[in-house]
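Have a look at this one.
The values are calculated or read from the model by the stated rules, or taken from the named source; none is laboratory data. Note that the coordinates shown come from a computational prediction; the quantities given were computed from them, not determined experimentally. Ideal geometry is used to build each Cβ from the backbone, glycine not excepted, and the neighbour counts take in all protein chains shown.
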Amino acid sequence: MARYTGPVCRLCRREGEKLFLKGDRCYTEKCAVDRRSYPPGQHGQGRHKVSEYGLHLREKQKLRRIYGVLERQFERYYDRASRQTGITGENLLQILELRLDNIVYRMGFAASRAQARQLVMHGHFAVNGQKTDIPSYEVRVGDVITVREKSRNMQLIKDNIAAAEGRAVPEWLEANLEQMEGKILAVPTREQMDISIQEHLIVEFYSR
């Protein structure tokens, strides 16, 4: 399964804002965006005039990197979103939000989406009682996500749950951290997705 293995702080610097790809580190003074708020590379500190195409491209790349999706899979998601009824940009965000790795992160069982992806791949979670080790698995309304019995004593998951105590869970999800389980209550609306993305720019990028 292909995935990005390079330095993720570099991605945040390239997009010029925190994408929260390293969990708790992003909230400390060690955050690369706070320390060096310019793009990486030899010419990162130079002045750059961004074209209209560049604005569209950067928004698409930012959304891709937030959810840890590579280009080909992202294009498939967009094609699917464009064929669905409703607003294409909102459909795309809903598809990404309903990925299992994102749900695990949103519920507080992982410190970042990358960590959630790894935990899912290693078989630590079940959907409706069935072991599911596919990070891109799309959950549905009513699905119950649980930490598998053999993984409930895993220190990393316990630490993540402790750190998530008091953290707001999206209202379209229900999370019981003590029972190590959660449930999908509804498909999220655009207002319920707290992500700083201008999805219409992504639609314009693919509509060229």
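Please determine, by comparing only the residues of region 49-71 that are crowded, with 17+ Cβ neighbours inside 10 Å and hydrophobic (A, V, I, L, M, F, W, C), which one is nearest to ARG99 (Cα to Cα). Let's see the steps before the verdict.
Here is the first cut: in region 49-71, the residues crowded, with 17+ Cβ neighbours inside 10 Å are 56, 59-69.
Right, trim to hydrophobic (A, V, I, L, M, F, W, C) and you get 63, 66, 69.
Working: LEU63: 14, ILE66: 13, VAL69: 11 Å.
My answer is VAL69.
Does region 177-192 hold any residues that are surrounded by 12 or more Cβ atoms within 10 Å (Cβ to Cβ) and either out of contact with any Phe, Trp or Tyr (no Cβ under 9 Å at 6 or more places or on another chain) or among the aromatic types (Phe, Trp, Tyr) (or both), and which are they?
Quick first cut of region 177-192, residues surrounded by 12 or more Cβ atoms within 10 Å (Cβ to Cβ) only: 177, 180-190, 192.
Result: GLU181, LYS183, ARG190.
What are the pairs with Cβ atoms under 7 angstrom where one residue, in region 127-151, is part of a loop (DSSP other than H, G, I, E, B) and the other, located anywhere, is surrounded by 18 or more Cβ atoms within 10 Å (Cβ to Cβ) and of a type in the set (Asp, Glu)? Sequence gap at least six, or different chains.
Pairs that qualify, where the first residue is part of a loop (DSSP other than H, G, I, E, B) and the partner is surrounded by 18 or more Cβ atoms within 10 Å (Cβ to Cβ) and of a type in the set (Asp, Glu), are PRO135/ASP101.
State whether one or more residues within region 122-129 are modelled with pLDDT of 95 or more and either aliphatic (A, V, I, L, M) or not assigned by TED's automatic domain parsing to the domain that holds LEU177 (or both).
yes
Looking at (1) buried (at least 18 other Cβ atoms within 10 Å of the Cβ); (2) farther than 24 Å from LYS62 by Cβ, which one does TYR105 not meet, given that it meets all the others?
Just one mismatch for TYR105, condition (2).
Identify, from the list ARG190, ARG140, ARG152, the residue that is of a type in the set (Lys, Arg), touching a helix residue (DSSP H, G or I) at 6+ places or on another chain (Cβ under 9 Å) and within 19 Å of ARG99 (Cα to Cα).
Details: ARG140 fails: touching a helix residue (DSSP H, G or I) at 6+ places or on another chain (Cβ under 9 Å); ARG152 fails: within 19 Å of ARG99 (Cα to Cα).
After ruling out the rest, the residue left standing is ARG190.
Checking PHE109 against (1) in a strand (DSSP E or B); (2) within 14 Å of the chain's Cα centre (by Cα), only one condition comes out false. Which one?
(1)
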